[in-house]
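What follows is a short report on a single structure.
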Amino acid sequence: MKKFIILLKSDYLQRTRSYPFLITLCISLAIAYTFIPPPDATYSTIRIGDYQGYYNSEWIGYVTAIMTSIFLSLVGFYLVNSGIKKDISSKIGQIIATTKISNFQYLLSKAIGNFLILSTIAFIIFIMSILLFFIYSTGYPFKILQFIIPYAVIVLPSLLFISVLAVFFEVFLGRIPVLQNILFFFLFSLILVNDNFGTKEFGWDIFGTRIILDQMEESVREISNIENTSGLSIGYALGNISKTKYFPFEGIHFPGSFLLSRLAWMGLGLFLLGFASIFFHRFKIKERFQPKKIENVLKTVIKSDINISKLPKIEKSFRVLPLIKTEFALLVRSGHKWLWVLNIIGVLSLCFAPLSVAHQIILPILWFLQVGRWSSLVTKEKNFNTHFFTFASYRPLRRLLLSQVISGILLAILLATPLLVRYLILLDFAHITTILLGGVFIVSLAVVLGILSNGKKLFEIIFFMLTYTNINAIPFTDYYGGLHHHHAYLMAITIVSAFLLIVSYTIRSIELKKI
């Protein structure tokens, strides 16, 4: 037990001291601040028709719990789904494999470590929700239990299941991290849009939010005498704020069957861990690059009669084009070949799908499939310990960094070519410009986040959030012109992309001076 606690403690401290965690924590705080809109805000987060609750303890506590459960489940998987991979790369896993810790204990420690990471962020958001009550609420008593209960019943079981799911995926799909990201993306979308729960079947809801939303709808029906309270929205909705009507939400009493279902989800997580422990490799994996056999090396005959004067002379070339070709080839060849099957299907879909569907839904999903490629665009040198060599090359900023950015943009344009051709036939240059700027923006974002965090995780999290919100047609996250194409939008995307590239150039230049 002592070894298990030491393993858990060291894993937690190592991961909380990383830059991706700190940056994700700051982003989470900024987003959590928007969970409860200010009284004069032009948006809403949870709304039942024209109604939303008074800013009492019950409304703020339950709304922030709902948003936290969905938000942290959304980004939490991408934050914690590489614990085993880090142990492999750092060789700590091989040391753990020699101890008496069983496979189940190791996987359990990883799952609990994931849960503690996500719970830390949830606790900070919990404190933020209390502060929001004192900022926005006037005349309502503070009830601490109305904050503790929803977070304990709704948020924590959801985070525990997501933590286990991250370990489960990593055991079976550890060598294909892109597939983990894609499968979770579609799984999360499927769970969130599934509305086939009965009025008393709330136990099937992984996030645990439907029972609260049902009670909110019931409260609105009681005061409005309207049987059908259609128009329930969860997320950031803009407009119609002037028509807002308020109702008193007094919280809910969770039935015993629902509490048992929350325990059942945690029990299912333990079962998944036990099942995964049977197939866990326990770090008995083949090296990616096998060293040459000593026998073959000894048989190699070195000729001593080589005439150096007859060797071709080395010609110096400082052109950027060969570097762009190399970087583009690395992008295309990275990842598994089967992923290009999905890419080809996506490209063909852009040819035949209706323009609105192709632009607003298929294109962001197709670009999201390249998350593994773009996330390693400027981080692969450090991942393979070749950064000292590449950074010592001739003008690494003007040549290497530029070639990486251009190759990433070329990949985005190449994948969007069918859609660009269709708009070109219609002479719709506004949409063509938005798609091109979208490719520049997403590559610029990958570059700046990769340089800032020295890893891929932060970009994967933010890119997933951007893709999901764009598919759900949230206007202010539209970066590729699926919803906007006016001049002010084009100018804003251009300025933001240029700013990201300037920041990337500045940070990388400071990095080079330190080497």
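The values are calculated or read from the model by the stated rules, or taken from the named source; none is laboratory data. If you're wondering where the values come from, they're calculated on a predicted model, not measured in any experiment. Quick reminder, even Gly has a Cβ in these numbers, built from the backbone with ideal geometry, and neighbours come from all protein chains shown. Accessible surface areas use protein heavy atoms only, side chains included; no ligands, DNA or RNA. Shrake-Rupley method; radii C 1.70, N 1.55, O 1.52, S 1.80 Å.
Per the Cα gyration tensor, segment 1-117 maps to an equivalent ellipsoid with semi-axes of 39, 14, 11 Å, ordered largest to smallest.
What order do Cys351, Cys26 take when sorted by accessible area (1.4 Å probe), most exposed first? Let's see the in-between values first.
Details: Cys351 55, Cys26 90 Å².
Output order, biggest surface exposure first: Cys26, Cys351.
Within the P(r) computed for segment 107-198, what percentage of the Cα pairs occupies the region above 22 Å? Pairs farther apart than 22 Å: 47 percent.
Annotation: amide H-H contacts under 5 Å for Arg47 (H modelled 1.01 Å from N, sequence separation of 5 or more, or interchain): Ser233. Over 28 Å apart at the Cα level, from the set Lys3/Lys514; Lys9/Lys85; Lys100/Lys457; Lys110/Lys382; Lys9/Lys91, are Lys3/Lys514; Lys100/Lys457. Diagonalising the gyration tensor over the Cα atoms of the chain and scaling each eigenvalue by 5 before taking the square root yields semi-axes of 44, 31, 20 Å, largest first. Taking the Cα centre of segment 305-459 as reference, the dipole from Cβ charges on Lys and Arg (+1) and Asp and Glu (-1) amounts to some 460 debye. The calculated FRET efficiency for Ala488 paired with Lys9, based on their beta-carbon distance and R0 = 60 Å, is about 0.70. Given +1 at the Cβ of Lys and Arg, -1 at the Cβ of Asp and Glu and no other charges, the dipole of the chain around its Cα centre is 3300 debye to the nearest 20. Using the 1.4 Å probe convention, the accessible area of the chain works out to 52 Å² per residue with neighbouring protein chains retained.
Need one number: % antiparallel among DSSP beta bridges in the chain, to the nearest 5. Walk me through the intermediate numbers first.
Working: 6 of 9 bridges.
Roughly 65 percent of the beta bridges in the chain run antiparallel, per DSSP.
Accessible surface for Ile96 stands near 20 Å², nearest 10, in the context of the full protein assembly shown (1.4 Å probe).
Annotation: average projected area of segment 414-471 is 4.5 square nanometres, based on the convex hull of Cα atoms across all directions. Heavy-atom accessible area with a 1.4 Å probe sorts Leu366, Leu183, Leu263, largest first, into Leu263, Leu183, Leu366. Take every pair of alpha-carbon atoms less than 8 Å apart whose residues are at least six positions apart; their mean separation over the length of the chain yields a relative contact order of 19 percent.
Counting only protein chains, not ligands or nucleic acids, how are Ser129, Ser119 ordered by accessible area (probe 1.4 Å), most first?
Result of the area sort, largest leading: Ser119, Ser129.
The chymotrypsin sites (Phe, Trp or Tyr not before Pro) of segment 56-123 include none that DSSP puts in a loop with a beta carbon having at most 14 other beta carbons within 10 Å. Of the residues Leu427, Gly372, Val357, the one whose Cα sits farthest towards the positive end of the charge dipole of segment 329-459 is Gly372 (charges of +1 on Lys and Arg Cβ, -1 on Asp and Glu Cβ, taken about the Cα centre). For segment 309-379, the set of chymotrypsin sites (Phe, Trp or Tyr not before Pro) satisfying both a DSSP loop assignment and a count of at most 16 other C-beta atoms within 10 Å is given as Phe318, Trp338.
The stretch between Thr390 and Leu452, if pulled fully straight at 0.36 nm per residue, gains 20.5 nm over its current Cα-Cα span.
In the chain, what percent of the accessible surface is made up of carbon and sulfur (1.4 Å probe, ligands and nucleic acids excluded)? Answer for the chain: carbon and sulfur cover 68 percent of the accessible area. Rounded to the nearest Hz, the phi-derived 3J(HN,Hα) couplings of segment 140-151 under the Karplus curve 6.51 cos²θ - 1.76 cosθ + 1.60 (θ = phi - 60°) are 10, x, 7, 10, 5, 5, 6, 9, 5, 4, x, 5, where x marks glycine and proline.
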